[in-house]
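K.L.:
The structure's right below; bear with me while I get my questions together.
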Amino acid sequence: MSEAEPEAPSKPAASDSVGAVARGGALNMGGSIVYGAANFILLVVLNRVLGTDDAGIVLVAIAIFNIIETVSELGCGTGLVRMLSRDRALDRQDLLRATVIVAIVPVAVASLIGAALLWAMAEPLARLLADHGQVQLVADVLKAMALFMPFATLHSVLVSGTRGFNTMIPQTVIERVGRATALPMVVAIAVGLGMGPVGVGASWAATTVVALVFSSRAMTKRIKRATANKDLVPAAPSRAIARDFWAFTAPRAVGQSAEVAVNWVDTVLVGVLVSTTAAGIYASGTRYILPGVYAANALMQVTGPRISGLLSKGDKAEASALIKVVAGWQSAVMWPLYLITALFPTPLLRVFGPEVVEAKGALVAISMAMLVSAPAGPVASVILMAGRSRQAMFNTLVLVAINVGGNLLFVPSHGITAAGMTWGATILVAALLPGWQAHHSLGVATIGRPAGVAVAVSVVTIGAIGLAARLWLGDGTSGLLLTSSLGVLAYLIGLTFVRSALHLDALWKGIRRRS
């Protein structure tokens, strides 16, 4: 990389870290774009083909399935990333196989229990969630999906765990591209065969069976590759290895369960407090937020193992420099997107159907929160990869309290707009709290010049053109098209002038190498 790293004391080391993250981040960002597009198409298919009412049933069922599935993971996806990357950094490849075993066995048991609970609780949950006359239908959808809970849980843990080998290829190819692009086709086929919501829900969940085959193979191959040509004897699973793994992962299990509650509980609560149709509208309307979330997660996932290795060696300066660069990339992706969604929510939501425009207030509120939080970068990853899973658990429980409390207080009287504002408040706290902790207790700074540059370029190009188009043409398709064309073109030109400050040459090299 030609540019020096201004904020790191060791230029070659910082360049190596930025380059490594750029290579993995380029692949993962590309996968996230595909993933976001596929999810968008899936929502269009659900709303346009099934109809808003039946789409709401399926989306609420998916929310419940995801909550139980994530609880059943016991935090082992993140646990494997942290422990496998640490073992490799400390040259303890003999522990890799045993670490995976002590993680997977409890997950398998927990996933079977989760499936049984979802089956047993299907009818009580349906009575709580369903609109009048839909109780049995909702229960049938939940039961059909419950059968696939173990496959989904094991796949999620294994495909996430492969990131501990500093690679994003399995997660990107298997989950973000393969399964994601298959889902709209699978759902469309299920609807075409007349299966209805039950068949759609079962088909959605059944894709995890095929995904598990590939994720298991990916994990096995990487363990063999890491231990090949080494004079070592793989360690057998032991209480000491399990104790070390679960000391970190057990608090993470609580934190991860709380995270999925933050992501999906608002949809469930809207279904309980308003209706499943309103829940479907809310879930569809706020999905425009997901492309930026996927991009942020893509950068966080590829940064996490590198941060874990740096903090394990006590290199806080390079960790800070790396996080600041990644925060700049995150802002460069998220600010243009959320400026557009905040300025032109109506034509964007109309794609799903006229009813979904009701989610306009929620979309604007969440967009504004994402704009404020983007420059913080992947701060939650810093806390986790420093081994502070208990602190991360506390942070997530705070978010759950804000999310659930806000929804219970305001949704009954203010509807889905209140749900969006509550989610926005949760997003802000999710960025500010770990950012403050990383700075004060770890000595890792997360906000720097790259993020400020990205924000400034976004404001003077897309922001200025979009605001003028909104004032002149209103919240309509014409203003959206003008901003998305002229504004984005001006933004891309602007990036060429600040590519050094944003380390875009490193990201571009990563894209070229992956290509």
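The values are calculated or read from the model by the stated rules, or taken from the named source; none is laboratory data. No experiment lies behind these values; they were computed from the predicted model shown. Every residue, glycine as well, gets a Cβ built from its backbone with ideal geometry; the counts of neighbours run over all protein chains shown.
K.L.:
Does Leu399 count as within 22 Å of Arg82 (Cβ to Cβ), at pLDDT below 75, in contact with an Asp or Glu (Cβ under 8 Å, 6 or more places away or on another chain) and in a helix (DSSP H, G or I)? Can you show your working first?
P.N.:
Numbers: within 22 Å of Arg82 (Cβ to Cβ): yes; at pLDDT below 75: no; in contact with an Asp or Glu (Cβ under 8 Å, 6 or more places away or on another chain): yes; in a helix (DSSP H, G or I): yes.
Considered against the rule, which asks whether it is within 22 Å of Arg82 (Cβ to Cβ), at pLDDT below 75, in contact with an Asp or Glu (Cβ under 8 Å, 6 or more places away or on another chain) and in a helix (DSSP H, G or I), Leu399 comes out as no.
K.L.:
Are any of the residues in the range 381-388 in contact with a helix residue (DSSP H, G or I) (Cβ under 9 Å, 6 or more places away or on another chain), surrounded by 15 or more Cβ atoms within 10 Å (Cβ to Cβ) and either more than 29 Å from Thr78 (Cβ to Cβ) or among the basic types (Lys, Arg) (or both)? First the steps, then the outcome.
P.N.:
The initial filter retains those residues of the range 381-388 that are in contact with a helix residue (DSSP H, G or I) (Cβ under 9 Å, 6 or more places away or on another chain), namely 381-388.
Now restrict to residues that are surrounded by 15 or more Cβ atoms within 10 Å (Cβ to Cβ): 381-388.
Still in the list and also either more than 29 Å from Thr78 (Cβ to Cβ) or among the basic types (Lys, Arg) (or both): 388.
Scanning the range 381-388 turns up at least one residue that is in contact with a helix residue (DSSP H, G or I) (Cβ under 9 Å, 6 or more places away or on another chain), surrounded by 15 or more Cβ atoms within 10 Å (Cβ to Cβ) and either more than 29 Å from Thr78 (Cβ to Cβ) or among the basic types (Lys, Arg) (or both).
K.L.:
Select from the range 279-306 the residues that are of a type in the set (Val, Ile, Thr) and at pLDDT below 70 and list them in ascending order.
P.N.:
Val302, Thr303
K.L.:
Name, by its number, the condition in (1) exposed (fewer than 13 other Cβ atoms within 10 Å of the Cβ); (2) without any contact (Cβ under 8 Å) to a residue 24 or more places away in the chain that does not hold for Lys221.
P.N.:
The number of the failed condition is (1).
K.L.:
Could I ask something else about it? Would you mind finding the one in Ala418, Ala438 that is within 24 Å of Thr267 (Cβ to Cβ), touching a residue at least 12 places away in the same chain (Cβ under 8 Å) and assigned to a helix (DSSP H, G or I)?
P.N.:
Step by step, each of Ala418, Ala438 is checked, and only Ala418 is within 24 Å of Thr267 (Cβ to Cβ), touching a residue at least 12 places away in the same chain (Cβ under 8 Å) and assigned to a helix (DSSP H, G or I).
K.L.:
Can you give me the number of residues within the range 147-169 that are in a helix (DSSP H, G or I) and surrounded by 24 or more Cβ atoms within 10 Å (Cβ to Cβ)?
P.N.:
12
K.L.:
Being of a type outside the set (A, V, I, L, M) and at pLDDT below 85 narrows it down to one of Pro378, Pro347, Pro336, so name that one. Walk me through it before giving the result.
P.N.:
Working: Pro347 fails: at pLDDT below 85; Pro336 fails: at pLDDT below 85.
From the options Pro378, Pro347, Pro336, the qualifying one is Pro378.
K.L.:
So, one more: Do we have Trp472 as part of a helix (DSSP H, G or I), closer than 20 Å to Val372 by Cβ and aromatic (Phe, Trp, Tyr) here? First the steps, then the outcome.
P.N.:
On the way: part of a helix (DSSP H, G or I): yes; closer than 20 Å to Val372 by Cβ: no; aromatic (Phe, Trp, Tyr): yes.
Taking the combined requirement at face value, the residue does not satisfy it.
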